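Student: Encoded as structure tokens, here's the structure I'll be asking about.
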Amino acid sequence: MGRIKKYTRRAFIVSSAAVAGGVAFGVYMSKKPLENPLKPEAGAVTLNPYLIIDQEGVTIIAPRAEMGQGVQSMLAALVAEELDVAWEDVRVLHGPAAQAYYNGELITGHAEYEDGKRSAWQEFVRDAMDVVPKTLGLQVTGGSTATIDAFEKMRLAGATAREALKLAAAERLTGPLRTENGQVIGADGSAIAYAELAEAAAKIAPPEDVILRPSSEWKYLGRDMPRVDMVAKSTGTAQYGADVRLEGMKFATVRINPHLGGGMKSYDASTAEKMAGVERVIDLGNGIAVVASNTWLAFQAADAVDIDWEDAPYPATTDGLFAAIEKTLDEAPNSTLRDEGDTSLIPEGATEISAEYRVPYLAHATMEPMNATALFTGDALEIWCGNQAPLVLADKAADAAGLSADQVTVHTLFMGGGFGRRAEADVAILAAKVAKAMPDVPVKVMWSREEDMRHDFYRPAAIARMKGAVKDGEAVVFDARIAAPSVTKQSMSRIMGFAPPGPDPAHVEGAANQPYDIANYRVAGHLADVDVPVGFWRSVGNSFNGFFHESFIDELAHAAGADPLQFRFDHIAPLSPPTAKLLAAVRDMSGWTGKTPDGIGRGVAVTWSFGTPVAQVIEVANSDDGIRITKAWIACDVGTALDPRNIRAQMEGGMIYGLSAAMHGEITFANGEVEQENFPDYDALRMGTAPVTEVQVLENNPHMGGVGEPGTPPSMPALANALFDLTGKRARELPLSKLFDFAG
Amino acid sequence: MAYSVIVNGQRFDVDLPGDVPLLWVLRDELGLSGTKYGCGVSACGACTVHMDGEAVRSCQVALEDVAGEVTTIEGIGTPDALDVLQKAWVAHQVAQCGYCQSGQIMQAAVLLAANNAPSDAEIDEAMSGNLCRCGTYGRIRAAIKTAASEMRGE
Ligand code: FES
Ligand code: FES
């Protein structure tokens, strides 16, 4: 990561003479090319915003942040595929925060199972975009969008650069020219390295209509590619935000009001200030920061500050919060994005069932606790941290330091997990405030695990009232009313200062957009106005709606006396053949017969999210020390599988994240404070409790779908359905460890 | 008062209070950032290092209690000279975010030093204190088995 230093503001000034900037190579979908933000050093050339060529070779800019999903390798492979560079020679950088790296897929939204069904999200975002100041930009890693957004853009970047390099070589070589291993090669076999041609190529007007290679010619895409970050991550040499080290750096931590959103009445730091290694205690308004010579000494001193907090702006207990959420079920819904037939009538002779489900608030608990390092020098601020939205971060940190956004440089490092948490700017804002109080001194602000868990933007708690009916083995009514605080409205308010009005599609995703053919089908979303901070948690609304929808489908299947897998297949096949094929795939993989021996239970669930349908079968078994999750089978359909091994890893990881939450995850409140502090109160699956998993990646989906999140939603209902099969007890509440005895 | 510690074969004098955990000596004082902070309460294993060949949670070992030689992830192999476990980790493409992996590798190294043919149950037993929020357990298990067979000379 050392090279990242080259793109600091200082480097920009020094090297501007050598720059061939703004050559856009027809990469952009928008009419006006955005400025190429790369300003490489002398001796290096940039052909477009995704590429730098210098004497050492080719560096590919992957402007999406690496949080474990393998995105940097994927994006580099897209460029390398067309550019003809050897994979071992590819170097990858995250690159600067810049408008040029906007994420178009966030605007267009994912494909739904039916074309034309994209509209809800599109309309919502378009409404929002009309009013978003352009300066905010959408350089965002999230929503399982990175590869889809880059699929054309980055291949075009590679292809146009390749053609420009060939044009530059045409004067010196006799054609026909071809490219291989970072060289242009003439008909007689003589070769010129890209590095030698780059300067001339940068002066050539980029060819406009480059043809992308068909998938049959792909060398890298569609294969299991070794990840570019793997050696670093196996040797402790990968640099995460927490590992940043700068000359003269101080180590700090923060302690913020545990009544989230509340301020601070007063504090007494006299004991803390006398503690070993402590340099300063800084007033942050809603808490304090301790600056010290060592992180642990800062942790100790922060605990020793005596603070009188203001109260929380929300009900002080879990019960009070659920009551506030439940109340909205009696009010008019925010959305009825699915409303077919009439769910108020129960057809003659049908069997009616109803149920209420509840799920708790959840923390992200990324493996690397929150942190950011900042240096304030009067008229500039530099920030180093792992983040999913560098432009938003720059904007918010600028406000906090009293600067304008163009005075802020954001360096994006590896993230020890993101899961949506690192889309928030709070960490950078606090670091900016600390740095401002310590001009010219770089300060690393490291949160304790306890601070991290108690100051999250949580997955909201949610309540669903479900009603349905079956007749002749079929579902004839499905009615869901889902209440929760709105992640979209809260996070947009944080980013833009206001929330767009209108139906919130993210609140009902995973329930309102599933490919079931049911004559009377309605999903209503009720938004609760509760001020506990909520945010994007891996798969967002799908994380609770998937559980509600697929648990209740299971209840309907049992009420209909049908096999739960076949019941799903029969209702899905007419609307989404690719999704039905996934159910057939997990049936075959698991050897599903619909019958399980004593002591074994199996459950199935399927959710369409982020453009990718995923079906899972989970197996549980009784053992001497409790119930174990023994096996899992996953089938997903991403349309085009660009890196199958990585897709399998994401599916399995997404499932384990969901199973961890389903078994153990619960954030509760007392006295306005989160009660959980650390992993002993918020555990996850471990080596001995995780299932042996098999994943199949199919390619029948006509659209390319995301991979980072879709593995999470079906895991929770599949587990609950398996536990029902094992015990006859229907879990309508999470976490499951409250209802079942699991083996540790 | 200054303490003297031996880390990766090198001796360091450290001027910090004796109750500072080894983890924060390594990271902040010695700049060995391969050892990670995850919980500080012995619940995640991200901080695992070796002390005289035993796996210890460096967040739980006070500087004044450091006894014997400490080995960190930086001490077992480098990008240019990977240790047998690290090779297996790369071959199986184990890491996702990678933050837990230093601790996983250090824990696995101690398991394999004592037992170069561990069963699944023995792997579970040895590794269950090491959390991975990305869910890489299946590949960790496969990599441990590959490294074990390499060590057996198979
Ligand atoms: S940081 Fe030491 S066990 Fe988690
Ligand atoms: S690889 Fe991310 S926590 Fe293990």
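The values are calculated or read from the model by the stated rules, or taken from the named source; none is laboratory data. Because the structure is predicted, anything quoted here is derived from the model rather than measured. Counting neighbours? That spans all protein chains shown, and the Cβs are built from the backbone with ideal geometry, glycine included.
Student: For segment B:59-89, enumerate the residues that are closer than 11 Å to A:T235 by Cα and either more than 9 Å from every other protein chain (Cβ to nearest Cβ) or of a type in the set (D, E, K, R) (or both). Working first, answer last.
Tutor: Taking segment B:59-89 and keeping what is closer than 11 Å to A:T235 by Cα, we get B:72-83, B:85-87, B:89.
Across segment B:59-89, the qualifying residues are B:E74, B:G75, B:D80, B:A81, B:D83, B:K87.
Student: Could you tell me whether B:Q101 is within 26 Å of A:E451 (Cα to Cα), more than 16 Å from ligand 1 (Cβ to nearest atom) and either at pLDDT 95 or above or of a type in the set (V, I, T) (or both)? Give the steps one after another, and end with the answer.
Tutor: Values: within 26 Å of A:E451 (Cα to Cα): yes; more than 16 Å from ligand 1 (Cβ to nearest atom): no; either at pLDDT 95 or above or of a type in the set (V, I, T) (or both): yes.
The answer is no for B:Q101.
Student: Search segment A:267-315 for residues being in contact with a Phe, Trp or Tyr (Cβ under 7 Å, 6 or more places away or on another chain) and among the aliphatic types (A, V, I, L, M), and hand back the single one that is surrounded by the most Cβ atoms within 10 Å (Cβ to Cβ).
Tutor: Among those that are in contact with a Phe, Trp or Tyr (Cβ under 7 Å, 6 or more places away or on another chain) and among the aliphatic types (A, V, I, L, M), it is A:A298.
Student: Please state which one of A:R481, A:R522 is assigned by TED's automatic domain parsing to the domain that holds A:E550, out of contact with any Asp or Glu (no Cβ under 8 Å at 6 or more places or on another chain) and surrounded by fewer than 24 Cβ atoms within 10 Å (Cβ to Cβ).
Tutor: Values: A:R522 fails: out of contact with any Asp or Glu (no Cβ under 8 Å at 6 or more places or on another chain).
Result: A:R481 is the single residue among A:R481, A:R522 that is assigned by TED's automatic domain parsing to the domain that holds A:E550, out of contact with any Asp or Glu (no Cβ under 8 Å at 6 or more places or on another chain) and surrounded by fewer than 24 Cβ atoms within 10 Å (Cβ to Cβ).
Student: Take A:A195 and tell me if it is modelled with pLDDT under 90, assigned to a helix (DSSP H, G or I) and away from chain B (no Cβ under 14 Å). Outline the logic, then answer.
Tutor: On the way: modelled with pLDDT under 90: yes; assigned to a helix (DSSP H, G or I): yes; away from chain B (no Cβ under 14 Å): yes.
Spelling it out, A:A195 is indeed modelled with pLDDT under 90, assigned to a helix (DSSP H, G or I) and away from chain B (no Cβ under 14 Å).
Student: Please verify whether segment B:73-85 includes one or more residues that are farther than 29 Å from B:V14 by Cα, crowded, with 22+ Cβ neighbours inside 10 Å and within 16 Å of ligand 2 (Cβ to nearest atom).
Tutor: Within segment B:73-85 (the criterion being farther than 29 Å from B:V14 by Cα, crowded, with 22+ Cβ neighbours inside 10 Å and within 16 Å of ligand 2 (Cβ to nearest atom)), the answer is yes, since at least one residue qualifies.
Student: A further question on this structure: Answer yes or no: is there a residue in segment A:372-390 that is surrounded by fewer than 24 Cβ atoms within 10 Å (Cβ to Cβ), part of a helix (DSSP H, G or I) and at pLDDT below 95.
Tutor: no
Student: Go through (1) part of a helix (DSSP H, G or I); (2) outside the structural domain of A:V523 (by TED's automatic domain parsing); (3) of a type outside the set (A, V, I, L, M, F, W, C) one by one and return the number of the condition A:G261 breaks.
Tutor: (1)
Student: Name the residue that is surrounded by the fewest Cβ atoms within 10 Å (Cβ to Cβ), counting only residues in segment A:204-240 that are part of a helix (DSSP H, G or I) and within 10 Å of chain B (Cβ to nearest Cβ). Talk me through it step by step, then tell me what you get.
Tutor: Step one: of segment A:204-240, the residues part of a helix (DSSP H, G or I) are A:215-217, A:230-234.
Retained after the next criterion (residues that are within 10 Å of chain B (Cβ to nearest Cβ)): A:230-234.
On the way: A:M230: 22, A:V231: 20, A:A232: 18, A:K233: 27, A:S234: 31.
It comes out as A:A232.
Student: Restrict the check to segment B:45-68 and report whether at least one residue is away from ligand 2 (no atom under 14 Å from the Cβ), assigned to a helix (DSSP H, G or I) and among the β-branched types (V, I, T). Reasoning before the result, please.
Tutor: Residues of segment B:45-68 that are away from ligand 2 (no atom under 14 Å from the Cβ), as a first pass: B:49-68.
Retained after the next criterion (residues that are assigned to a helix (DSSP H, G or I)): B:58-60, B:63-65.
Add one more test, that the residue is among the β-branched types (V, I, T), and what stays is none.
Looking through segment B:45-68, none of the residues is away from ligand 2 (no atom under 14 Å from the Cβ), assigned to a helix (DSSP H, G or I) and among the β-branched types (V, I, T).
Student: Have a look at B:A108, B:A95, B:A114 and point out the one that is away from ligand 2 (no atom under 15 Å from the Cβ), assigned by TED's automatic domain parsing to the domain that holds B:R139 and out of contact with any strand residue (DSSP E or B) (no Cβ under 7 Å at 6 or more places or on another chain). Write out each step before concluding.
Tutor: On the way: B:A108 fails: away from ligand 2 (no atom under 15 Å from the Cβ); B:A95 fails: away from ligand 2 (no atom under 15 Å from the Cβ).
The unique qualifying residue is B:A114.
Student: Among B:H50, B:H92, which is the only one that is of a type outside the set (V, I, T) and within 12 Å of chain A (Cβ to nearest Cβ)? Full working, then the answer.
Tutor: Working: B:H50 fails: within 12 Å of chain A (Cβ to nearest Cβ).
That would be B:H92, the only listed residue that is of a type outside the set (V, I, T) and within 12 Å of chain A (Cβ to nearest Cβ).
Student: Tally up the residues in segment A:667-690 that are more than 9 Å from chain B (Cβ to nearest Cβ), assigned to a loop (DSSP other than H, G, I, E, B), crowded, with 21+ Cβ neighbours inside 10 Å and away from ligand 1 (no atom under 16 Å from the Cβ), please.
Tutor: 1
Student: Only one of these is within 16 Å of ligand 2 (Cβ to nearest atom) and surrounded by 14 or more Cβ atoms within 10 Å (Cβ to Cβ): B:A142, B:A148. Name it.
Tutor: Working: B:A148 fails: within 16 Å of ligand 2 (Cβ to nearest atom).
Unique residue meeting the criteria: B:A142.
Student: Which of the residues spanning segment B:128-139 are touching a residue at least 40 places away in the same chain (Cβ under 8 Å) and within 13 Å of ligand 2 (Cβ to nearest atom)?
Tutor: Step one: of segment B:128-139, the residues touching a residue at least 40 places away in the same chain (Cβ under 8 Å) are B:129-131, B:136, B:139.
Listed by number, the residues that qualify are B:N130, B:L131, B:T136, B:R139.
Student: In addition: Of the residues B:E54, B:E69, B:E64, only one is within 16 Å of ligand 1 (Cβ to nearest atom), modelled with pLDDT of 95 or more and surrounded by fewer than 23 Cβ atoms within 10 Å (Cβ to Cβ); which?
Tutor: Values: B:E69 fails: within 16 Å of ligand 1 (Cβ to nearest atom); B:E64 fails: within 16 Å of ligand 1 (Cβ to nearest atom).
Exactly one residue qualifies, and that residue is B:E54.
Student: Now, a different point. Of the conditions (1) over 13 Å from the mean Cα position of the chain (by Cα); (2) at the interface with another protein chain (Cβ under 10 Å from one of its Cβ atoms); (3) not aromatic (F, W, Y); (4) not in a loop (DSSP other than H, G, I, E, B), B:D19 clears all except one; give me its number.
Tutor: (4)
Student: So which residues in segment A:648-666 are surrounded by fewer than 24 Cβ atoms within 10 Å (Cβ to Cβ) and within 12 Å of another protein chain (Cβ to nearest Cβ)?
Tutor: A:R648, A:H664
Student: Continuing with this model, one more query. Quick check on my filter: what residues within segment A:467-512 are outside any strand (DSSP E or B) and small (G, A, S)?
Tutor: Within segment A:467-512, the first condition is being outside any strand (DSSP E or B), and the residues that meet it are A:472-473, A:486-512.
Of everything in segment A:467-512, those that are outside any strand (DSSP E or B) and small (G, A, S) turn out to be A:G473, A:S486, A:S491, A:S493, A:G497, A:A499, A:G502, A:A506, A:G510, A:A511, A:A512.
Student: Right, something else. Sort through A:W633, A:W608, A:W592 and tell me the only one that's outside the structural domain of A:G262 (by TED's automatic domain parsing), touching a Leu at 6+ places or on another chain (Cβ under 7 Å) and either closer than 28 Å to A:A512 by Cα or in a loop (DSSP other than H, G, I, E, B) (or both). Before the answer, list the steps.
Tutor: On the way: A:W633 fails: touching a Leu at 6+ places or on another chain (Cβ under 7 Å); A:W608 fails: touching a Leu at 6+ places or on another chain (Cβ under 7 Å).
Going through A:W633, A:W608, A:W592 in turn, the sole match is A:W592.
Student: How many residues are within 16 Å of ligand 1 (Cβ to nearest atom) and within 13 Å of chain A (Cβ to nearest Cβ) if we restrict to segment B:108-154?
Tutor: Of the residues in segment B:108-154, the ones within 16 Å of ligand 1 (Cβ to nearest atom) are B:108, B:110, B:126-134.
Checking the rest, the ones that are also within 13 Å of chain A (Cβ to nearest Cβ) come to B:108, B:126-134.
Counting residues in segment B:108-154 that are within 16 Å of ligand 1 (Cβ to nearest atom) and within 13 Å of chain A (Cβ to nearest Cβ) gives 10.
Student: Moving to a separate point now. Suppose we keep only residues that are outside any loop (DSSP other than H, G, I, E, B) and away from chain B (no Cβ under 14 Å) within segment A:61-76. Which one would you say is farthest from ligand 1 (Cβ to nearest atom)?
Tutor: The initial filter retains those residues of segment A:61-76 that are outside any loop (DSSP other than H, G, I, E, B), namely A:61, A:71-76.
The next check asks that each one be away from chain B (no Cβ under 14 Å); those that pass are A:61, A:75-76.
Working: A:I61: 34, A:L75: 32, A:A76: 32 Å.
Only one residue fits best here, namely A:I61.
Student: If you don't mind, there's one more thing I want to ask. All but one of (1) in contact (Cβ under 8 Å) with a residue 40 or more places away in the chain; (2) crowded, with 24+ Cβ neighbours inside 10 Å hold for A:S623; state the number of the condition that does not hold.
Tutor: Against the list (1) in contact (Cβ under 8 Å) with a residue 40 or more places away in the chain; (2) crowded, with 24+ Cβ neighbours inside 10 Å, A:S623 comes up short only on (2).
Student: If I ask for residues that are of a type in the set (A, V, I, L, M, F, W, C) and either over 22 Å from B:V20 (Cα atoms) or facing another protein chain (nearest Cβ under 8 Å) (or both), which ones from segment A:292-314 would you list? Outline the logic, then answer.
Tutor: Within segment A:292-314, the subset of a type in the set (A, V, I, L, M, F, W, C) is A:292, A:296-299, A:301-302, A:304-305, A:307, A:309, A:312.
The answer is A:W296, A:L297, A:F299, A:I307, A:W309, A:A312.
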